[in-house]
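Here is the structure we will look at.
The values are calculated or read from the model by the stated rules, or taken from the named source; none is laboratory data. A quick note: this is a predicted structure, and the numbers were derived from the prediction, not measured. With ideal geometry, Cβ positions are generated from the backbone for all residues, glycine too; neighbour counts draw on all protein chains shown. The accessibility values were calculated without ligands, DNA or RNA, using every heavy atom of the protein model including side chains. Shrake-Rupley method; radii C 1.70, N 1.55, O 1.52, S 1.80 Å.
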Amino acid sequence: MFETDTIAAISTALGEGAIGIVRLSGPDALAISDRFVNIGKKKKVTTVDSHTIHYGHVTDLSTGTLVDEVMVTVMKAPRTFTREDTVEINCHGGIVAVNQILEVALEAGARLAEPGEFTKRAFLNGRIDLSQAEAVMDIIQAKSSRAKDLALSQLEGKLSKKIQNLRQSMLKTLAAIEVTIDYPEYDEAEELTLKEIKTTARDIQSQINRLLQESKQGKILREGIKTAIIGRPNVGKSSLLNVLLQEDKAIVTSIAGTTRDTIEETLTIRGIPLTLIDTAGIRETDDLVEQIGVKRSQEAIDRSDLILLVLNQSQELTEEDKKLLALTKEKKRIILLNKSDLESRLNLTELEETLNGQSQVITTSMLTDQGIEDLEEAILTLFMTGKIDEKDMTYVSNARHIQLLKEALKALDDVLEAADMGVGVDLIQIDLTRAWDLLGQITGESAPDELLNQLFSQFCLGK
Ligand SMILES: Nc1nc2c(ncn2[C@@H]2O[C@H](COP(=O)(O)OP(=O)(O)OP(=O)(O)O)[C@@H](O)[C@H]2O)c(=O)[nH]1
Ligand SMILES: [Mg+2]
């Protein structure tokens, strides 16, 4: 299974920096390094102790001229990332030195690594499984510290363990099925097996459902809830943004049509990140600038997870209000009855009839902060089911994993359906094996070669 050639690549980002690293991995990593790195008269990379670092010089093989002053880290198999002999050459950063050293390394016998090939070797040599390899990529590409933390917990094998446990219990049931098929003369055995199949399938389904549920919450924690504040002009949308942000970001005036363009701001409400989009008030208008604003508001509605629809309760419900209520009917939304410090003129019965009990209504005032806590509470309950304890959760964030989990759920549906119809266990075995296989693709235990190649090719060079 071990690769026979030695690969090399630049492992740091190319650009001006203090240090650049050229990495070699493979059976000849040490010998090849000895050809172009000089670490002293009496020392050789091949003979020094493993996991040691040495001062030295890289020279050009053909001309013998000095390329750079370097520090060489020597790590022998198997205690390395790839589980192969590995040499890391720390040189001066920037584009020229690292590139020249890589060139010399290739001339000395190494092959240029493909993107992700180091990680692929770590996977092929059993150091990490596929979901962990993907976590490596997620850590590199993480855009927030939270996203990085989630990927790190995946790298530590949390998801892998869960999947392995699920597959293990499926395997037990599959074995029972096998026995039943081998000894068809025992009728009771078949009945018992059928019972076991149903219990296992249901249990695994509920565990997969939980993973998927947690993944939704993980997505929210990572990316935040996209929230659009909409309403007709002058109802207090920008005031709401300012109150939630606790600073005066948006311009607030008594003139209708103050906000002309959408404003985006992020904040956290009790640990949940929120991207707030303040929009231009929506109304039929001839003003071109305002029309464009209105169009943007409509787009904001489309791409939001949550709508805060602001009504002015000191006025009667207008046609525009009703239009907005209809426009957001299908979305997750909270209706705010704003300006509660003013006399109420809104016909609540009429509003409630329109809402049909489907959305939460909160009475607010941006002048007195009435209802703001209720609003925060309402947002939390809309998006976070149950207790959120980040430490205990396994966030499946990778789209490929989510897809496989969903397919496994379906395969288990088929298992249950077949079991209920009383078809032979040999037929059920097919569906259960399929579910088992799908889960195996998450960890890579049953991943086809093309998938592996395609996945690792998305990695960056040198990783
Ligand atoms: N009495 C009272 N006035 C409010 C309240 N909220 C906002 N206002 C006032 O209403 C006016 C309009 O507020 P904005 O926040 O600019 O309203 P908007 O919905 O953003 O308006 P456009 O940007 O024009 O669509 C301002 O004069 C605010 O001070 C409230 O709860 N009570
Ligand atoms: Mg405004």
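Put a dot 7 Å past the Cα of Lys406, heading toward its Cβ, do the same for Glu320, and the two dots end up 3.8 nm apart.
Looking at the range 292-345, the GluC sites (Glu not before Pro) that sit in a DSSP loop and have at most 16 other Cβ atoms within 10 Å of their own Cβ are Glu316, Glu330, Glu343. Cα centroids of the range 408-455 and the range 237-286: 48 Å apart. Computed over the chain, relative contact order equals 16 percent, with contacts defined as Cα pairs under 8 Å that lie 6+ residues apart. In the range 1-32, which residues have a backbone nitrogen under 18 Å from the label point lying 7 Å from Met71's Cα in the Cα-to-Cβ direction? Counting only backbone N, you get 11-13, 17-24. Rounded to the nearest 0.05, the FRET efficiency derived from the C-beta distance between Asp149 and Asp302 at R0 = 30 Å is 0.45. Give the carbon-plus-sulfur fraction of the accessible surface of the range 329-463 in %, rounded to a whole number; probe 1.4 Å, heavy atoms of protein chains only. Solvent-exposed carbon and sulfur of the range 329-463 make up 48 percent of the total. 3J(HN,Hα) along the range 447-463: 8, x, 4, 4, 4, 4, 4, 5, 5, 6, 5, 7, 6, 7, 5, x, 10 Hz, from the Karplus curve 6.51 cos²θ - 1.76 cosθ + 1.60 with θ = phi - 60°, whole Hz, x for Gly and Pro. Cross-link reach is defined here as a Cα-Cα straight distance under 26 Å, omitting same-chain residues fewer than 8 places apart; for Lys410 the lysines meeting it are Lys158, Lys161, Lys162, Lys172, Lys195, Lys198, Lys216, Lys219. For the range 322-418, trypsin sites (Lys or Arg not before Pro) are listed when DSSP marks them as loop and at most 14 other Cβ atoms sit within 10 Å of their Cβ; the list is Lys329, Arg345, Lys387. Within straight-line reach of Lys120, meaning a Cα separation under 16 Å, sit the following aspartates and glutamates at least 8 residues removed in sequence or on another chain: Glu3, Asp5, Glu84, Asp85, Asp129, Glu134, Asp138, Glu445, Asp449, Glu450. For the chain, the 222 nm mean residue ellipticity estimated from helices alone, with every DSSP H stretch of n ≥ 4 adding -39500 (n - 2.57) and the total spread over all residues, rounds to -15500 deg cm²/dmol. The alpha carbon radius of gyration of the range 330-451, expressed as a multiple of 2.2 N^0.38 Å, is 1.79.
Each 10 Å bin from zero up to the one holding the largest Cα-Cα distance in the range 51-101 carries the following percent of pairs: 26, 42, 29, 3. With the simple spin-label model, which puts each label point 7 Å out from Cα in the Cβ direction, the Glu417 to Lys198 separation comes to 1.8 nm. Measure out, as a whole number of angstrom, how far apart the alpha-carbon centroids of the range 25-69 and the range 96-117 sit. Result: 14 Å between the Cα centres.
Stretching Thr354 away from Asn99 to a fully extended chain increases their span by 85.0 nm, per 0.36 nm per residue minus the current alpha-carbon distance. To test your reading of the geometry: what angle, between 0 and 90 degrees and rounded to tens, separates the Cα axis of helix 145-155 from the longest principal axis of the chain? So the helix axis and the longest Cα principal axis differ by about 50 degrees. Rounded to the nearest 10 degrees, the inclination of helix 425-443 to the longest alpha-carbon principal axis of the chain is 80 degrees.
Along each principal axis, taking the top coordinate minus the bottom one, the Cα set of the range 7-113 gives 32, 29, 23 Å in descending order. With protein chains left intact and a 1.4 Å probe, residues in the range 78-205 average 50 Å² of accessible area per residue. Counting only DSSP beta bridges whose two residues both lie in the chain, roughly 60 percent are antiparallel. Would you tally the net charge around Leu212, using a Cβ to Cβ cut-off of less than 13 Å, leaving Leu212 out, and scoring K and R as +1, D and E as -1? Combined, the nearby Lys, Arg, Asp and Glu give +4. Between Leu212 and Ser344, the modelled label-to-label distance comes to 4.2 nm, taking each label 7 Å out from Cα in the direction of the beta carbon. What is the list of residues in the range 126-162 whose amide nitrogen lies under 20 Å from a point 7 angstrom out from the Cα of Arg79, following Cα to Cβ? Residues 126-128 fall inside that zone.
Could you tell me whether the range 329-379 comes out rounded, prolate or oblate from its Cα gyration tensor? Rule is a ≥ b ≥ c as square roots of the eigenvalues, rounded for a/c under 1.5, then prolate if a/b exceeds b/c, otherwise oblate. Taking the square roots of the gyration eigenvalues as a ≥ b ≥ c, the range 329-379 is oblate. Overall shape of the range 128-284 was characterised from the C-alpha gyration tensor. The equivalent ellipsoid obtained from it has semi-axes of 53, 21, 10 Å, in decreasing order. Measuring r between the beta carbons of Leu461 and Ala18 and using R0 = 30 Å, the FRET efficiency lands at 0.90. Per the Cα gyration tensor, the range 224-383 maps to an equivalent ellipsoid with semi-axes of 20, 19, 16 Å, ordered largest to smallest. Remark on the chain: Rg and Dmax equal 30.5, 93 Å (Cα only). As a fraction of the 1.4 Å probe accessible area of the range 121-239, surface on carbon and sulfur atoms comes out at 51 percent.
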